[in-house]
Amino acid sequence: MTRISTAFRGLVTALAALVAVTAAPATAQAKQESKAPEDFVALRSVDPTIIQEMRYVTRHNFVGEPIDGYRQPLCILTRPAAEALHRAQTRLLRQGYSLKVYDCYRPQRAVDHFVRWAEDLDDRRMKAEFYPEIDKTRLFADGYIAEKSGHSRGSTVDLTLVRLPAKPTRPYRPGQPLVPCYAPQEERFPDNSVDMGTGYDCFDTRSHTLDPRIHGTQRANRLLLKDTLEDVGLVNLPEEWWHFTYKPEPYTDTYFDFPVSAKSLAGRR
């Protein structure tokens with residue numbers, strides 16, 4: 001009797017393990033293709049006047065290729081964060097400026113892409129622009145790359161200011177000569193934003209919001225962005241002049257992985 005019971009229990013255990021292994025890929029796929037929660041919105045539905053230049057759907061970023069999970073050039077945020085940007089935009093428009101967003105919600109699979117890139121020490125194709133003075137072996141230790149990002153919680157945004165009327169921005173051409181992100185504005189990759197002292201995603205201490213080497217008009221521009229956004233509840237990350245998080249965050253410890261696409265926002269009920 002004991003032998004039969006033991007054998008039966010062993011068979012049940014084996015069958016359970018087989019079911020788990022068979023079901024695992026389907027579960028992972030379902031998570032990867034999941035919809036956004038109901039309180040995530042497209043920024044355009046809250047404020048269509050905010051300029052969007054979503055860098056990670058293009059090749060003009062520190063990796064040099066479109067990033068996993070970015071299927072459309074679309075800014076998605078939690079509603080409270082989007083409404084805070086709308087309040088800031090209303091103030092800035094009266095002063096002759098517009099916000100311009102570079103990145104908003106970021107899927108976990110995109111963060112994983114950054115990690116794989118950082119671990120590939122031979123891939124330095126965009127070094128001359130985005131991290132000219134940083135050894136790639138230092139990206140994790142110096143905090144430029146991490147395995148989790150606040151962007152994946154949906155209330156963090158990377159953005160800048162544009163003086164109105166906005167001038168067109170020349171498209172990036174892969175293979176073009178690269179210029180350091182901290183070079184004078186007239187030498188850097190052309191961006192229709194105001195001069196912030198560095199370009200977006202510049203891996204350099206000059207990107208620290210209050211870096212003492214940034215002064216005059218550049219510092220005034222950074223402070224205008226910082227003060228305006230903090231007045232509506234968005235808190236700056238001191239190491240990145242472009243990085244702000246709405247507080248209190250609706251999701252403080254959840255990292256989402258739905259794709260950046262209109263489909264992720266459709267039919268969620």
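No value in this document is a laboratory result; all are computed from the given coordinates. Bear in mind the structure is a predicted one, so any value in this text is a computation, not a measurement. Backbone-built Cβ (ideal geometry, glycine too); neighbour counts: all protein chains shown.
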Relative contact order (percent) for the chain, with alpha-carbon contacts under 8 angstrom and 6 or more residues of separation? 26 percent
With r defined as the distance between the Cβ atoms of T90 and Y251 and R0 fixed at 25 Å, what FRET efficiency is calculated, to the nearest 0.05? 0.45
Using +1 at the Cβ of each Lys and Arg and -1 at the Cβ of each Asp and Glu in the chain, identify which of T217, F244, P37 lies farthest towards the dipole's positive end. P37
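What chymotrypsin sites (Phe, Trp or Tyr not before Pro) in segment 66-157 are in a loop by DSSP, with at most 15 other Cβ atoms within 10 Å of the Cβ?
F140
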Extension gain from Q72 to L224, taking 0.36 nm per residue of separation minus the Cα-Cα distance: 51.7 nm
Between S261 and V179, what length in nm is gained on full extension when 0.36 nm per residue of separation is reduced by their alpha carbon distance? 26.4 nm
Pairwise centroid distance, computed over Cα atoms, of segment 195-251 with segment 65-87, Å: 18 Å
Separation of the D120 and Y172 label points, Cα + 7 Å toward Cβ, nm: 1.5 nm
Which trypsin sites (Lys or Arg not before Pro) does segment 160-260 hold that lie in a coil by DSSP with at most 12 other beta carbons within 10 Å? R213
About the Cα centre of the chain, what is the dipole size in debye to 20, counting +1 per Lys and Arg Cβ and -1 per Asp and Glu Cβ, all else neutral? 780 debye
With at most 16 neighbouring Cβ atoms within 10 Å, loop GluC sites (Glu not before Pro) (DSSP) excluded, longest segment of the chain: 39-132
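Can you give the Kirkwood hydrodynamic radius of the chain from its Cα pairs, in Å with one decimal?
20.2 Å
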